[in-house]
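The values are calculated or read from the model by the stated rules, or taken from the named source; none is laboratory data. Small disclaimer: the values here were computed from a predicted structure and weren't measured. Heads up, the Cβs are rebuilt from the backbone with ideal geometry, glycines too, and the neighbour counts pull from every protein chain shown. We work out accessible area using only protein heavy atoms, side chains counted, and drop any ligands, DNA or RNA first. Shrake-Rupley method; radii C 1.70, N 1.55, O 1.52, S 1.80 Å.
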Amino acid sequence: TLRTHLTVCVSSSRQHDRNWDNFAPTVHALRSRINSKLETRNHLQSVHFPLIFIRFIILFRFLITPEFTNSFLRIESKNTKMSQTEENVTPIFDLMMSQYHSSTLVIFGRLGLFDFINNEGSDGVTVKQLAERANWSVRATSAMLIALVTTGILERVPSGDNNGATTHSFEERYKLAPRSARFLLSDAPGSVVAYLELFWECSPQNLMEKASADKKQDNFMLETGGGAPSELFINAMEGQTSHAAMVLSPLLASHLGDASNDFVDVGGGSGTFCLEVCKALPKCNGTIYELASVCPMTEKFISKADLSDRVKAVAGDMFKDKVFPPAECYGFGNVLHDWSDEDNTALLQKAYDSLPEKSGKIAILEMLVAEDVVSTTGATAGLNLVMVTNEDGRQYKASELKSMLEKIGFVEVQVVSSPVTPYSVIIASKQ
């Protein structure tokens with residue numbers, strides 16, 4: 001029995017434990033000694049078995065260091081997973097608890113706590129420091145920090161003076177993970193902090209109420225500003241799409257060809273799509289086509305990007321105006337998912353009619369549902385639910401947009417994607 005158990009531990013360690021080399025020689029010596037004592041059944045008689053067991057305990061006790069204990073616990077955890085996935089309830093519990101993880105993310109963003117942690121430098125902050133800053137109990141602060149560590153938002157700072165002993169949860173120290181320092185600081189390019197504000201009032205009850213077939217759907221985007229997007233909403237959309245626009249616009253530029261001189265961002269909000277396209281194409285002039293009440297906000301983003309000489313905001317209503325401002329390419333950056341299929345068909349038809357005869361292109365920036373559905377990113381599936389609670393639209397499959405575009409008359413439909421963003425750009429040409 002001892003030999004069998006030890007063999008399992010050894011084989012598991014080889015597969016799963018990074019510290020195998022540290023204790024392998026001792027384990028091999030232990031196994032060899034047990035084997036030599038168990039060569040015949042006679043060794044199990046009289047005094048031999050107690051002696052073997054005592055030797056086993058002595059040698060095994062020698063191995064029990066904090067590092068080995070933690071390694072052994074990891075091995076044990078991984079080897080007790082059910083062989084049949086249908087018996088594993090953990091993913092369901094993880095999903096249930098994910099609401100609390102995302103709530104913690106939103107709270108830290110709203111209170112500027114990511115900036116606070118970052119300002120403390122590479123040593124990070126203690127639980128008590130953050131509790132004092134936020135005026136929270138140490139218990140609640142510790143729980144939220146643990147949640148952010150398990151999701152990769154924060155990193156634990158190891159203690160260097162405890163001689164291998166474990167640290168009490170309330171005494172831990174944490175710092176920002178590199179990705180968080182890139183996207184969760186308020187002044188970082190492509191920061192998503194402003195976007196977090198839109199999730200402040202999300203709840204299961206709200207989703208269920210908005211999903212009702214009997215309830216008339218309100219458009220959250222227009223409600224925020226009394227019939228037009230508010231500054232809060234425009235800032236949130238900047239946070240949501242700016243990184244995608246930075247990443248995808250240079251890839252898009254190589255596909256625009258002759259249609260690269262005049263780009264109109266329809267319903268562009270902050271204009272991040274247009275601004276990034278113009279950065280990628282130095283000869284391109286841009287127009288951000290928005291409601292009159294939004295244009296002053298748009299102009300601030302243009303000025304901040306230092307592109308006032310090539311990009312302008314033009315007031316208009318994409319639904320009411322008969323044609324769009326003249327362009328060689330019309331962009332819809334995170335726009336179509338807000339509206340119904342009927343509204344989007346009308347917008348795409350208007351773009352087709354507004355382009356020059358037998359030339360011009362269209363570029364649609366959206367998170368796309370995977371064709372097999374199951375490969376859809378969590379961000380896309382989640383945003384699809386947000387559309388249920390906030391808007392009239394949905395996230396599309398690429399094939400659905402392709403079909404819509406081809407029925408209107410567009411050809412050469414292509415999808416441009418990047419592994420570093422859940423967004424893609426669909427490009428099509430007018431024939």
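Looking at the stretch 313-431 alone, DSSP beta bridges between its own residues are antiparallel in about 70 percent of cases.
Rolling a 1.4 Å probe over the protein heavy atoms leaves residue 319 with an accessible area of roughly 80 Å². Using a Förster distance of 22 Å, how high is the FRET efficiency between residue 212 and residue 385, based on the Cβ-Cβ distance and rounded to 0.05? FRET efficiency, residue 212 to residue 385: 0.95. Take every pair of alpha-carbon atoms less than 8 Å apart whose residues are at least six positions apart; their mean separation over the length of the stretch 226-365 yields a relative contact order of 25 percent.
Within the stretch 113-209, the ratio Rg/Rh, alpha carbon atoms throughout and Rh by Kirkwood, equals 1.03. Placing 107, 117, 92 in order of accessible area, with the largest value first and a 1.4 Å probe, yields 92, 107, 117.
Each Cα pair under 8 Å and six or more residues apart adds its separation to the average, and for the stretch 307-431 the resulting relative contact order is 28 percent.
Once C-alpha pairs closer than 8 Å and six or more residues apart are averaged by separation and normalised to the residue number of the stretch 386-431, the relative contact order reads 30 percent. Ranking 169, 375 by solvent-accessible area of protein heavy atoms (1.4 Å probe, all protein chains present), from largest to smallest, gives 375, 169.
Note on residue 150 and residue 343: their simple-model spin labels are 3.8 nm apart, each label 7 Å out from Cα toward Cβ.
Ordered from highest to lowest accessible area with the whole protein assembly present and a 1.4 Å probe, 392, 372, 115 read as 372, 392, 115.
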